[in-house]
Amino acid sequence: MAGGLSRDLIADRLDEAAELLEAQGANRFRVRAYRMAADTVRSLTEDPAEILARDGFAGLTRLPNIGDRLARAIDEMCATGRWGQLERMRGEAEPEEVFQSVPGIGPQTARAIHETLHADTLEALEIAAHDGRLEDVPGIGPRKAAAIRASLASMLARRGRQGPDDHAEPSVAELLAVDSDYRQQAKAGTLRKIAPRRFNPGGEAWLPILHTDRDDWSYTALFSNTALAHDLGRTDDWVVIYFARDRGREHSRTVVTETRGPLEGRRVVRGREAECRAHYFAE
């Protein structure tokens, strides 16, 4: 029998994700898609890992109600035993542990990556590795960045497969609009709050979460819950936005209030500052 989680456990996780999405105000069609995928997985006569081992990623996408995005989630669970999206909705995400799955990244480097890049996923780390930001992390020079980039490419090619929208991102205008919507609703107190496990010994449900769909993008937005955000008092300013298309990997960007330079006082998408300047100057 192939390794990986059983079909019942994967189906239970898909059902749990549907329940959390519904409770957190996600689009009802997205909720229904997760429930239908859970029903499909539960009805299988073999575990998804066996399908992957025999037929590859295409074997999952040929199943009823399993598109590319949900197939990637199932693939992630089979390969790692974890599902980052579900952990995030539960408030249990531990990005440093995720980064340590990459050869050459230990605990200290994993924390430095998380705090410097505001990255939470391997996909976000891959983008930073390709656009040069990874080399800005203390302790990572060009050679180590190249090694990490190669390891990530191999890991993601095996686990997530290559898709036509893997590196696509929404415009900065769209990301800034989601950021504005999230902060307005968080201030008004209309968003469901989750209790993050990190930096929350009392288990308080303080972190607002937003799920929204715009055009063909799905977004999830939360205030940053990093050690640096807490140290600098930015837990009500830095907003992490996760986004994906149905046929692409999930990525994330962090939006912050710029504290210096020509964009001081404006909301800026980290890693896309040049586009933000063009956006604001065009206005």
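Coordinate-derived values only; no laboratory data. Predicted model, so just to flag it, every value in this text is computed and none were measured. Cβ placement follows ideal geometry from the backbone for every residue including glycine, while neighbour counts extend to all protein chains displayed.
Using only helices, what value at 222 nm comes out for the chain when you add -39,500 (n - 2.57) per DSSP H run of length 4 or more and divide by the total residues, to the nearest 500 deg cm²/dmol?
Details: 13 runs with 141 residues, N = 283.
Result for the chain, helices only: -15000 deg cm²/dmol.
Take every Cα pair under 8 Å in segment 95-159 that's 6+ residues apart, average their separations, divide by the length, and report that relative contact order as a whole percent. If you can, show how the numbers build up before the last one.
Numbers: 62 pairs, mean separation 21.1, N = 65.
Computed over segment 95-159, the figure is 32 percent.
So for Y280, Y34, fewest C-beta neighbours within 10 Å to most, what's the order?
Ascending number of Cβ neighbours within 10 Å: Y280, Y34.
Taking the Cα centre of segment 95-159 as the origin, how large is its charge dipole in debye, to the nearest 20, when only Lys and Arg (+1) and Asp and Glu (-1) carry charge on their Cβ atoms?
Computed charge dipole of segment 95-159: roughly 300 debye.
Would segment 95-159 count as rounded, prolate or oblate if I go by the C-alpha gyration tensor, calling it rounded below 1.5 in a/c and otherwise prolate when a/b exceeds b/c, oblate otherwise? Let's see the in-between values first.
On the way: a/c = 1.39, a/b = 1.15, b/c = 1.20.
Rounded.
Using the Cα centre of the chain as the reference point, and only Cβ charges (+1 on K/R, -1 on D/E), how large is the resulting charge dipole? Debye, rounded to the nearest 20.
Dipole magnitude for the chain comes out near 80 debye.
So what is the relative contact order of the chain, in percent, for Cα pairs below 8 Å that sit 6 or more residues apart?
Averaging sequence separation for qualifying contacts and normalising by length gives 16 percent for the chain.
Using just the alpha carbons, could you tell me how many Å³ per residue the convex hull of segment 179-275 encloses?
123 Å³
In percent, what relative contact order does segment 69-224 have, based on Cα pairs under 8 Å that are 6 or more apart in sequence?
It rounds to 19 percent for segment 69-224.
Where the centroid of each part is defined by its Cα atoms, how far is segment 216-232 from segment 32-71 in Å?
Using only Cα atoms, the two centres lie 30 Å from each other.
Using only Cα atoms, what is the ratio of the radius of gyration of the chain to 2.2 N^0.38 Å? Provide the component values of the computation, followed by the final result.
Details: Rg = 18.8 Å, N = 283, 2.2 N^0.38 = 18.8 Å.
Normalised Cα radius of gyration, the chain: 1.00.
Using r as the Cβ-Cβ distance of N27 and S101, and R0 as 35 Å, what FRET efficiency do you calculate, to the nearest 0.05?
0.65
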